[in-house]
Amino acid sequence: MKKGLVFGTCLALAILTAAPAMAHYGMIIPSDCMVMQGDDKTIRLTLSFSHPFEQIGMVLDKPKVFGVATVGKTSDLTGTLQKTTVMNQPAWTASYAVKRPGIHAFYMEPQPYWEPSEDCYIIHYTKTVVAAFGDDEGWDEPVGLKTEIFSTQSQFLTRILAKASQANSLGEWSPARSRQFQTLTHPEHLGRAFRVLVQSRV
């Protein structure tokens, strides 16, 4: 089963499949993105799945993996997760005590969910970074994911449109949908401003 991570594309995929334009994301929200001397050293993290722009929550089952990578080492934090709610939907929270300088990359692998429009299971891998005590080097270090695609949103969506056209799966293409697609792909709008990252578990 392919496990993919797609940033910034769900909105466009929804438009292309004639669904409402609602982007959904797996999220790890820390109580602070930078810990300095004198700050509270305990980071509180909230894990959720939602349509953040529309403020509509979605169910997040207990993640398969939740951990932190720091100074070249990873630690499994799945056992620290506690149930909570975000936007009236099941979510998770955890606390982590920062003890040393450096980047702390928190990552989540949720349970796969079935996406009928794509005819496959999808996993939104999520990563967020907290810098501690002024050391912010290494924020881009990998945490065990293989990058398959990294392109502009325009390039990614144009390829999807071409495949959908060949498969005759676009349905009726209204003027409103054309304008939405142009907004998502035009270099002066969102086409160049947003990037698409697709990764899979190594």
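Of ASP135, ASP140, all but one fail to be under 30 Å from LYS62 (Cα atoms), of a type in the set (D, E, K, R) and modelled with pLDDT of 70 or more; the exception is ASP140. Note on segment 68-84: residues that are touching a strand residue (DSSP E or B) at 6+ places or on another chain (Cβ under 8 Å) and more than 12 Å from LEU47 (Cβ to Cβ) total 7.
Taking the conditions exactly as written (farther than 16 Å from LEU47 by Cβ and either under 19 Å from the mean Cα position of the chain (by Cα) or not aromatic (Phe, Trp, Tyr) (or both)), does ALA97 satisfy them or not? Here the answer is yes, as ALA97 does meet what is asked.
Among the residues making up segment 7-31, a single one is modelled with pLDDT of 90 or more and part of a loop (DSSP other than H, G, I, E, B): SER31. Per the conditions (1) among the small types (Gly, Ala, Ser); (2) exposed (fewer than 14 other Cβ atoms within 10 Å of the Cβ); (3) farther than 18 Å from LEU45 by Cβ, the sole criterion not satisfied by GLY138 is (2).
Can SER95 be described as hydroxyl-bearing (Ser, Thr, Tyr) and at pLDDT below 80? Here the answer is no, as SER95 does not meet what is asked.
The values are calculated or read from the model by the stated rules, or taken from the named source; none is laboratory data. Quick caveat: nothing in here was measured; it's all calculated off a predicted structure. Quick reminder, even Gly has a Cβ in these numbers, built from the backbone with ideal geometry, and neighbours come from all protein chains shown.
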